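First comes the structure, then the notes that go with it.
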Amino acid sequence: MDQEFWPNEETEKLRYTEHNNDVYDPRYQSFLQPIVDMVIANQNPSDKGLDYGAGPGPVVQYLLDQVGFKIKLYDPFFHNYTENLKQTYDYIILTEVVEHFHSPKKEFQKLTQLLKEGGSLYILTYPYDDSIDFESWYYKNDRTHTFFYTKEAFEWIRDQYEFKNLEIQNRIIILKK
């Protein structure tokens, strides 16, 4: 999205509070369960994790806590724990976050610095491809979605930030450092 159309911080935060992010909502839990399952399958409970862009209702943290995984939170609007950005992590989870980045280059540089060698980024987003009719694509209608990613964009991110591996499984993208 062209910068002139970006929402200001107040508008952006208001939009995020409109999301149904209730920790106890079984539909929201079900929506996020696939990425939680991916973390459980690939990480250990003792690994250090971060939910980056956790939103007002940190459902990922809640679901992982149920199976003994303890993760930290960061969200510039709802969990602005900047001390959590001064550590490194075995894995970082970004659910419905990367499409909100105003400066993907800056954000992926930061994420790479936060990730330990051998660590993984678990990203949940809706990658765009040519099979999607952009005009009728619901995902573009959220005014806070300022950047969309294609498979090629994720390949570029893998190469640019020297990730060793990229997996794309539907809406889940895993980048391994």
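The values are calculated or read from the model by the stated rules, or taken from the named source; none is laboratory data. Since the structure is predicted, the reported quantities are computational estimates derived from the model, not experimental observations. In this analysis, Cβ positions are derived from the backbone assuming ideal geometry, glycine residues included, and neighbour counts consider all displayed protein chains. Keep in mind that these areas ignore ligands, DNA and RNA; they rest on the heavy atoms of the full protein, side chains included. Shrake-Rupley method; radii C 1.70, N 1.55, O 1.52, S 1.80 Å.
For this structure, a couple of remarks:
- Here the spin labels are modelled as points 7 Å beyond Cα on the Cα-Cβ line, and at Lys164 and Lys70 they lie 2.8 nm apart.
- Whole-Hz couplings from phi, Karplus 6.51/-1.76/1.60, listed for segment 77-89; x for Gly and Pro: 9, 10, 9, 7, 8, 5, 4, 6, 9, 10, 10, 10, 9
- Percent accessible area from carbon and sulfur atoms, the chain, protein chains only, probe 1.4 Å: 48
- Area accessible to solvent at Asp133, 1.4 Å probe radius, in Å²: 90
- Inter-probe distance in nm under a simple model that places probes 7 Å from Cα toward Cβ, at Asp22 and Arg171: 1.9
- Estimated [θ] at 222 nm from DSSP helical runs (n ≥ 4, -39500 (n - 2.57)) normalised by residues in the chain, nearest 500: -9500 deg cm²/dmol
- Percentage, to the nearest whole number, of Cα pairs in the chain over 25 Å apart: 30
- Helix runs (DSSP H) in the chain reaching 18 Å along axis by Cα, Kyte-Doolittle at least -1.0: 26-42
- Per DSSP, loop trypsin sites (Lys or Arg not before Pro) in segment 39-120 with at most 11 further Cβ within 10 Å: Lys86
- Over all other residues within a Cβ to Cβ distance under 12 Å of Glu162, the charged ones net out to +2, with Lys and Arg as +1 and Asp and Glu as -1.
- Partner lysines whose Cα lies under 22 Å from the Cα of Lys86, excluding those fewer than 8 positions away in the same chain, are identified as Lys48, Lys70, Lys72, Lys105, Lys106, Lys110, Lys116, Lys176, Lys177.
- Residues whose placed amide H lies under 5 Å from that of Leu73, excluding near-sequence neighbours: Asp51
- Accessible surface calculations at 1.4 Å, restricted to protein heavy atoms, place the chain at 54 Å² per residue.
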